[in-house]
Amino acid sequence: MKKHFIVLLAALALAIGCQDKAPTSEEQPVRGKPPVARPAAGGFTGTALETMKADRYTYVQVDTGTEKLWAATPEFRGKVGDTVVVPQGLAMQNFHSKTLERDFEMVYFVGAITVAGNEQGPSQMAGTSFMHPPRGAKDSKPQIEVSGIKRAKDGKNVAEIFAGSGELAGKQVMVRGKVVKFLPQIMGKNWLHLQDGSGAEGTNDLTVTTTTMVEVGDVVLVNGVVSVDRDFGYGYSYDVIIEDAEVTVE
């Protein structure tokens, strides 16, 4: 099963809701059982019993004292034996990791799993440690070929969205591009950087938030509302961003 199936609404910590799809193309439903996404009732704390690296996620088994639960995160800096804090996230039932060749009755996908005592407040619990740099900061992008991408019918390219952002603010736009960076489950959303070969530094890379799971290198069609001068707090702000977009992998 591919990465394009849609899952249900899931709540994140600090009253931030989220929606998501299967975490990556490496992750598959358990054979014979459809994957089910359920909102997590709340985060949990316990001892890390086991860690496993798969694709872009690290799976961590946590003993809460009453049960043993699995969580997955893009990055885990703890070790077996640490007391860890797992925030609310996307609870995936009947899940299979192709990389690990392992079935999970339930696994919670979250933005960050922290070692107890190392929490940095709401921003880290919501996963902002994996967010994009604030406005004006340099961000290293994967070296991905983005030439030859055709403009969407009745759409705009990335450079045109930046150039016309004043008039486009609050309006729906369509743009086709290639995903050059992807971060899941940040403040209840998935974040991607989109390029199509247009624009120069500062106007060639468009940030998009969505509930859709994609992979770096995917060519996608984005349909969403342009926001300008968007400030998410904690120093993270964007001159131009497309929020809550419909994203179709082509």
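The numbers here are math on the coordinates, done by the rules we state, and not lab data. Owing to the predicted nature of the structure, the values given are computational and were not obtained by experimental measurement.
Things to note:
- Amide H contacts of Ala54: Tyr59, each under 5 Å away and 5 or more positions distant or on a separate chain (H built 1.01 Å from N in the peptide plane; Pro and chain starts excluded).
- In order through region 225-230: 3J(HN,Hα) via Karplus (6.51 cos²θ - 1.76 cosθ + 1.60), integer Hz, x for Gly, Pro: 9, 7, 10, 10, 6, 8
- Computed extension gain for Ser237 through Leu49, at 0.36 nm per residue and net of the alpha carbon distance, reaches 63.9 nm.
- When the pairs Lys79/Lys178; Lys150/Lys181; Lys53/Lys150; Lys68/Lys98; Lys79/Lys189 are compared against a 25 Å limit on Cα-Cα distance, Lys79/Lys178; Lys53/Lys150; Lys79/Lys189 fall above it.
- Shape category assigned to region 158-249 from the gyration tensor of Cα positions, a/c cut at 1.5: rounded
- Rounded, prolate or oblate (a/c below 1.5 giving rounded, otherwise prolate when a/b exceeds b/c) for region 63-102 by Cα gyration tensor: prolate
- For region 192-201, 3J(HN,Hα) computed residue by residue from phi via the Karplus equation (6.51, -1.76, 1.60; θ = phi - 60°) reads 9, 9, 10, 10, 9, x, 8, x, 10, 4 Hz, glycine and proline entered as x.
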